[in-house]
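Peer 1: Sending over a structure as structure tokens; questions will come in a sec.
The values are calculated or read from the model by the stated rules, or taken from the named source; none is laboratory data. What you see is a predicted model, and the numbers here were worked out from it, not measured in a lab. Neighbour counts run over all protein chains shown; Cβ positions are idealised from the backbone, glycine included.
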Amino acid sequence: MKQILLAILLFFGVQSAVRSQSIILSPQAEISVMSCGPSDLIHAIYGHTAVRVHDPARNWDVVFNYGVFSFREPNFVYRFAKGNANYMLAPEYYKDFYDDYIRNGRSIQEQVLNLTLSEKQQMLNFLINNAKPENREYRYNFFYDNCATRVRDLVENQVDGKVEFPTENVGMTFRQHADEYQKILPWTNFGINLVLGSPSDKVASAYEEMFLPDYLFQHFAGAKISKNGNERPLVKKTNAIYEAPSLSASWLTIHSPEIILLLILIAIFWLTYRQLKSGKINYWIDYILLFINGLAGFVLLWFFLYSEHPAMAANYNQLWAIAINLPFLLLWMVKKWRPVLRWYWVVLSCWLLLFLPLSLFLPQEFAPGFYMLIAMLLIRSLLHSRFVIMRS
């Protein structure tokens with residue numbers, strides 16, 4: 001999904017063409033689906049899909065791009081988190097599109113659609129109308145309404161007949177599909193998995209898999225257009241425009257969350273053991289863990305209450321990232337309140353011990369790093385609980 005840092009990426013010549021209502025395609029015109037590879041930038045890790053309209057007889061070569069947004073839009077980051085950010089359709093010259101992806105080292109593949117001239121004209125007319133300022137914006141939804149699904153829906157709605165896509169899926173959930181691409185940015189993947197709730201653990205159908213450009217490319221390759229008992233392939237030719245080196249990614253590197261959190265867990269276990277043997281508790285570890293856990297809980301609570309992203313509803317990470325830990329921390333830092341609050345550690349220990357086996361039966365996948373964070377807080381809670389029970 002392509003970022004455009006400028007408020008609007010519409011060149012004068014493209015604007016003039018799009019505003020014209022008398023663009024009549026020649027028989028040499030072709031309409032293609034452009035599938036672009038991912039990069040290691042957060043907004044581009046999933047790849048990109050766009051539509052190319054090329055008419056050499058008219059000297060017209062324009063790409064229509066449903067993935068345009070701008071960070072300069074007021075409150076864009078907040079609105080994106082809340083789930084009400086708007087993306088837009090914008091045209092650009094094919095040469096600029098091509099140069100941009102080559103410069104950024106991203107693959108480009110082209111699927112020339114097997115359309116009649118009237119279907120091509122109808123599709124272009126729709127794109128021109130859809131690119132008007134009053135029509136171009138749409139409410140972005142990562143899983144269900146993005147640059148890839150918009151192209152899929154465009155083709156379905158504008159051809160003369162029914163598009164029949166392959167029905168066999170790979171049996172992966174939406175979360176697992178996203179993980180395939182997010183793993184090149186391990187900490188980003190960690191954070192996204194934290195805020196994604198149980199709806200993202202639904203197995204994606206073959207049709208739903210096309211929210212990702214790579215899967216749209218695959219399913220378009222096997223799709224057919226049927227009408228009155230006659231069939232024709234949706235794609236008549238595939239061109240490998242540019243093949244970029246594949247992005248290397250590994251789940252476990254020295255910088256990955258799992259390795260770093262495991263090392264921290266070992267350190268906390270060792271420090272806690274020493275404090276247990278000495279009978280003296282150093283609270284700075286607890287302050288850090290409670291702050292991180294409670295802050296994560298408040299973030300998840302905010303998403304649950306205010307975000308319109310359907311995938312962020314019913315997030316069972318709130319069962320271990322507990323918002324109340326943050327106010328508890330503030331009170332625990334005041335020494336006079338500790339005798340009153342000390343039994344909270346026992347309750348917290350029992351709850352985390354209960355959550356661990358319970359998590360195996362919840363309809364949500366939990367990343368390994370989450371269990372390490374739980375184990376850190378559980379170790380500290382058990383230490384406090386032991387002293388609470390011994391002194392009571």
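Peer 1: When residues of segment 182-193 are filtered for being part of a helix (DSSP H, G or I) and over 12 Å from GLU365 (Cβ atoms), how many remain? So that I can check it myself, show each step before the final result.
Peer 2: So in segment 182-193, the residues part of a helix (DSSP H, G or I) come out as 182, 186-193.
This time we only want the ones that are over 12 Å from GLU365 (Cβ atoms), so: 182, 186-192.
Counting residues in segment 182-193 that are part of a helix (DSSP H, G or I) and over 12 Å from GLU365 (Cβ atoms) gives 8.
Peer 1: OK, next. Select from segment 357-392 the residues that are of a type outside the set (S, T, N, Q) and not in a helix (DSSP H, G or I) and write down the one among them that is farthest from the chain's Cα centre (by Cα). Walk me through how you get there before you give the answer.
Peer 2: Residues of segment 357-392 that are of a type outside the set (S, T, N, Q), as a first pass: 357-358, 360-363, 365-380, 382-384, 386-391.
Subsequent filtering for residues that are not in a helix (DSSP H, G or I) retains 362-363, 365-367.
Numbers: LEU362: 22, PRO363: 19, GLU365: 16, PHE366: 16, ALA367: 16 Å.
Step by step, filter segment 357-392, then rank; the result is LEU362.
Peer 1: Say whether the condition of being farther than 28 Å from TRP270 by Cβ, in a loop (DSSP other than H, G, I, E, B) and hydrophobic (A, V, I, L, M, F, W, C) is met by at least one residue in segment 293-308. Before you say what the answer is, go through the steps one by one.
Peer 2: Kept after step one, since they are farther than 28 Å from TRP270 by Cβ, are these residues of segment 293-308: 298-308.
Narrowing further to those that are in a loop (DSSP other than H, G, I, E, B): 307-308.
Going one step further and asking which of them are hydrophobic (A, V, I, L, M, F, W, C), we end up with none.
No, every residue in segment 293-308 fails to be farther than 28 Å from TRP270 by Cβ, in a loop (DSSP other than H, G, I, E, B) and hydrophobic (A, V, I, L, M, F, W, C).
Peer 1: Scan (1) of a type in the set (A, V, I, L, M, F, W, C); (2) at pLDDT below 95; (3) closer than 17 Å to TRP345 by Cα for the single condition TRP320 breaks and write down its number.
Peer 2: All conditions are met except number (2).
Peer 1: Quick one: which of TYR66, TYR87 is crowded, with 21+ Cβ neighbours inside 10 Å, in contact with a helix residue (DSSP H, G or I) (Cβ under 6 Å, 6 or more places away or on another chain) and under 30 Å from SER200 (Cβ atoms)? Even if it seems obvious, please write down each step before you answer.
Peer 2: Values: TYR87 fails: in contact with a helix residue (DSSP H, G or I) (Cβ under 6 Å, 6 or more places away or on another chain).
Just one listed residue meets the conditions, TYR66.
Peer 1: Could you say which residue among LYS224, LYS236 is modelled with pLDDT of 95 or more, in the same structural domain as THR149 (by TED's automatic domain parsing) and loosely packed, with under 14 Cβ neighbours inside 10 Å? Can you show your working first?
Peer 2: Working: LYS224 fails: loosely packed, with under 14 Cβ neighbours inside 10 Å.
After ruling out the rest, the residue left standing is LYS236.
Peer 1: Suppose we keep only residues that are loosely packed, with under 14 Cβ neighbours inside 10 Å and either among the polar types (S, T, N, Q) or not assigned by TED's automatic domain parsing to the domain that holds ASP160 (or both) within segment 105-128. Which one would you say is farthest from GLN218 (Cα to Cα)?
Peer 2: Residues of segment 105-128 loosely packed, with under 14 Cβ neighbours inside 10 Å: 105, 116-118.
Subsequent filtering for residues that are either among the polar types (S, T, N, Q) or not assigned by TED's automatic domain parsing to the domain that holds ASP160 (or both) retains 116, 118.
Working: THR116: 22, SER118: 26 Å.
For segment 105-128, the residue satisfying everything is SER118.
Peer 1: Can you pull out every residue in segment 342-392 that is modelled with pLDDT under 95 and exposed (fewer than 15 other Cβ atoms within 10 Å of the Cβ)?
Peer 2: Hits for segment 342-392 are ARG386, ILE389, MET390, ARG391, SER392.
Peer 1: Something else now. Assuming ILE281 fulfils every condition listed in (1) over 23 Å from ILE324 (Cβ atoms); (2) assigned to a loop (DSSP other than H, G, I, E, B) apart from one, which condition is it?
Peer 2: (1)
Peer 1: Are any residues in segment 294-328 under 15 Å from LEU373 (Cα atoms), within 23 Å of the chain's Cα centre (by Cα) and surrounded by 20 or more Cβ atoms within 10 Å (Cβ to Cβ), and if so, which ones?
Peer 2: Answer for segment 294-328, where residues must be under 15 Å from LEU373 (Cα atoms), within 23 Å of the chain's Cα centre (by Cα) and surrounded by 20 or more Cβ atoms within 10 Å (Cβ to Cβ): ALA296, GLY297, ASN317, TRP320, ALA321.
Peer 1: Give the number of residues within segment 205-227 that are touching a residue at least 40 places away in the same chain (Cβ under 8 Å), assigned to a loop (DSSP other than H, G, I, E, B) and not hydrophobic (A, V, I, L, M, F, W, C).
Peer 2: 2
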